[in-house]
1. Within the bounds of region 1-18, is there any residue that is surrounded by 15 or more Cβ atoms within 10 Å (Cβ to Cβ), charged (D, E, K, R) and assigned to a helix (DSSP H, G or I)?
2. Which count do you get for residues in region 239-295 that are aromatic (Phe, Trp, Tyr) and within 30 Å of Gly91 (Cα to Cα)?
3. So how many residues does region 231-240 have that are under 18 Å from Leu180 (Cα atoms) and either basic (Lys, Arg) or buried (at least 21 other Cβ atoms within 10 Å of the Cβ) (or both)?
4. Is it fair to say Ala365 is under 24 Å from Thr212 (Cβ atoms) and either among the acidic types (Asp, Glu) or part of a helix (DSSP H, G or I) (or both)?
5. Could you tell me which residue of region 300-328 is modelled with the lowest pLDDT, considering only residues that are β-branched (Val, Ile, Thr) and crowded, with 23+ Cβ neighbours inside 10 Å?
6. Only one of (1) more than 30 Å from Leu154 (Cα to Cα); (2) surrounded by fewer than 18 Cβ atoms within 10 Å (Cβ to Cβ); (3) within 18 Å of the chain's Cα centre (by Cα) is not met by Lys112, so which one is it?
7. If you check Val221 against the conditions, is it assigned to a helix (DSSP H, G or I) and either under 22 Å from Pro346 (Cα atoms) or touching a Phe, Trp or Tyr at 6+ places or on another chain (Cβ under 8 Å) (or both)?
8. What tally of residues in region 461-476 results from selecting those that are more than 33 Å from the chain's Cα centre (by Cα) and either within 11 Å of Ala447 (Cβ to Cβ) or part of a helix (DSSP H, G or I) (or both)?
Amino acid sequence: MSNPNPPAPLTTTPRWLVWLGLGALAIYAVFLALNTTVAAGGSDSSGYLNSARLLAAGQWQTELRTPPEFGPQAKLNRLQFIAQGFYVYEGNPWLAPTYPTGLPLHLALAGKFLGWRAGPLVVGLAAALGAIWLCYAVARELGLDPRLAAAGALALGAFPVFVFASIQPLSDTLATAWCLAAVLAALRARRHVGWSAACGGACAMAVLVRPTNVVILPALVVLLGFDWRRLGLAVLCGLPGVAWLALYNHALYGRALASGYGDWQAAFATHYGAPTALHFAKWLAAFLPSVLVALPLAALCHRDTRTRALLALALWFGAIAGLYSFYEFSHEVWWGLRFILPAVPPLILAGLLGSEALARAFTPAHQSRFRATAALVLALWAAGSSWYWTRHLGVYYTKGYEEVYASACAATRTQFPADTLVVCSHASGAIYFYTGCSVLRWDFVTAAEFARFTALAQKAGRSIGAVLFTDEEQPALRERCPGEWSQVAKIQGVTLWRLGAPPPAGGAK
């Protein structure tokens, strides 16, 4: 890599492009809002929202809901009563959220002032629009032509996994936005040391949202340079976030470096590397204009773009994509790319630098035309690819899939008394968020244990219900929790059941 040169003076963005960009962002915001769900659904969305509501109430963790007739919690298997998105830890009598606090802190603040429907929606829209604008701003800070920068921002916003993560309560888009904010601040710190403070704060937020974002630190150091004032200020302003993370982890999980994921190291192994790398390459080439995957090589080959910034982009992309290449869940489905969503902007930006390198092979008179043509091709390619893949993969069905949880919980409140013990698994996080019912995880009980719980509950006058997806009915009602169940409601793919007489003593035969 060549020594870094002072950033080139930024050319003025044409007024027509400013208005076009603002109009496109407004349309995109409306589009996202119409397709966004703020339901507490599966384990991720319900986990984040349950944690957010606790934080908004000034709590970090909560009591485990167990029927008192079952006896002291110390004598129970507490796993049988946890909602998805929570976990129980030895030495901690409370129910602790699984997920990091970054997104829940954003949701808690918005939810407290705007309510639990508008608040999460505003957070999601702000994260998505912020990430797109920050991608453009970073591209401009790298000295790229405004048309190329706009095409790169469009490519990020159109990326199907970005859309998927932005229309539901997930941390991926917010993590991407804070990584971009840290990089933008690091780039601007070369001109004004005060931006180093913003870099440190943004990096801390990125890590609070997703702790693995700590791997972008080498990229930030490269951008800040080995200047002790910049580095020191960045570290100083990042310390509050580090302190909060350590304090929270120690209070809930027993150690500052522990997490709600338990033994997370067990989920990483070297044998996942090759298949996951192929999985990433396949879908990145499909979801992005595939030329962007190869264009970084052009940037590497040209002296003007072979700079410290390109090295930082390579470190940024390589650290995140490399880490999750060894994660057991990354290669299972296409949306596994959400784990590397914060690594997509550096790939796009490096590709734009490659376009700039190619432009400089032309005479000055033809460079502007090449940049305009390249920007138009990239923008149309990204939009067309997004239009095809989001529909082919059913991305916009997400709202319906998630909101069925809220509908099922509304029916639960109607059909069952408030103190009902609800047999469930997939819906347990939603049951916890929307109702005051205790949950019994059918996937953690045996038929004999269920028979004992049923006898105790019915002796105490407590009703027993079940909220199950279709694929849960057989193992839950026939194998783990047998009895005289009668269906009382059906909401799309979710059924509600009421238990009549207790099962035979000793469980199923």
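1. no
2. Result for region 239-295: 6.
3. 2
4. No; evaluated as a whole, the condition is false for this residue.
5. Thr305
6. Here Lys112 meets the rest and fails (3).
7. Taking the combined requirement at face value, the residue satisfies it.
8. Final tally of qualifying residues: 0.
The values are calculated or read from the model by the stated rules, or taken from the named source; none is laboratory data. What you are looking at is a predicted structure, and each value in this text was computed from that prediction instead of being measured. Note that each Cβ is placed from the backbone with ideal geometry, even for glycine, and that neighbours are counted across all protein chains shown.
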